[in-house]
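Structure, as structure tokens:
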Amino acid sequence: MPVCAAAAHDGGFSLIEMLLVLAIMGVLATIAVPMSGNAVRYIRISGDARDISNALAVTKMRAASKFTKARLLVDLSSKSYYVQTYNKTANSWTSETGTTTLSSYVSFGYGAVGTPPSNTQTAIGQASACYDTASPPAAIANTACVIFNSRGIPVVDSTGSPSGNYALYINDGTFVYGVTVAATGFIRTWRTNQTSTPSWSLQ
């Protein structure tokens, strides 16, 4: 009985064809996985920088709406931060928001970066420590603090004078983000690669 011509060509892929497809998939995966990892890393740290900038804006608004000082207290050791307002009557700070924690692989600091963004700080550094309400006030260990008065002006806690030297820096080992607060209360976000000679770009 003659074999049908169509049936003679019905067959699966050959071993060589299968190996060729697997090799192509392997090459594509080798290229795609590092790229997707870098994209996820960028999304994490840029999102954290935006969250810090938003938290500073909320702190500034709380100070104005409650006619008192407000501060963003950053716990450098636990990589977290929250907003507090000052209660004049009780001489105490009251937490206004829940605690926000940085993403994994992101921490506070500026690594090898040697200079701040232009027209911000005179020398690169995290904002100074928060103080308690003791007499005299004592610095709270492992903290950084940005304080606004009731007019939305950033102030130095010990003197109450306006400050244009506030900044909070985060990094993931590759990128460094800085959120700076000018003496007028203007908040800006910056980014650079982690290098001793940074090239800061406004975000």
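Screening the candidates Ser201, Ser103, Ser128 for the property of being of a type in the set (Ser, Thr, Tyr), within 20 Å of the chain's Cα centre (by Cα) and exposed (fewer than 15 other Cβ atoms within 10 Å of the Cβ) yields one hit, Ser201. Filter region 70-127 for residues that are in contact (Cβ under 8 Å) with a residue 24 or more places away in the chain and farther than 21 Å from Tyr177 by Cβ and give the result. Result: Ala70, Asn91, Ser92, Trp93, Glu96.
Taking region 178-198 as the range and being under 14 Å from Ala127 (Cα atoms), at pLDDT 95 or above and either polar (S, T, N, Q) or part of a loop (DSSP other than H, G, I, E, B) (or both) as the test, only Thr180 passes.
Okay, residues lined up against (1) under 22 Å from Thr59 (Cβ atoms); (2) out of contact with any helix residue (DSSP H, G or I) (no Cβ under 7 Å at 6 or more places or on another chain); (3) surrounded by fewer than 17 Cβ atoms within 10 Å (Cβ to Cβ); (4) not hydrophobic (A, V, I, L, M, F, W, C):
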{"residue": "Trp93", "(1), (2), (3), (4)": "yes, yes, no, no"}
{"residue": "Ala134", "(1), (2), (3), (4)": "no, yes, yes, no"}
{"residue": "Ala139", "(1), (2), (3), (4)": "yes, yes, yes, no"}
{"residue": "Ile147", "(1), (2), (3), (4)": "yes, yes, no, no"}
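Please verify whether Phe108 is under 20 Å from Arg50 (Cα atoms) and touching a Phe, Trp or Tyr at 6+ places or on another chain (Cβ under 8 Å), treating the condition exactly as stated. When the stated conditions are applied, Phe108 passes them.
Considering each residue of region 153-172 in turn, none proves to be over 17 Å from Thr59 (Cα atoms), at pLDDT 90 or above, of a type in the set (D, E, K, R) and surrounded by fewer than 18 Cβ atoms within 10 Å (Cβ to Cβ).
The values are calculated or read from the model by the stated rules, or taken from the named source; none is laboratory data. Computed from a predicted structure; not experimentally measured. Cβ: placed from backbone, ideal geometry, glycine included. Neighbour counts: every protein chain shown.
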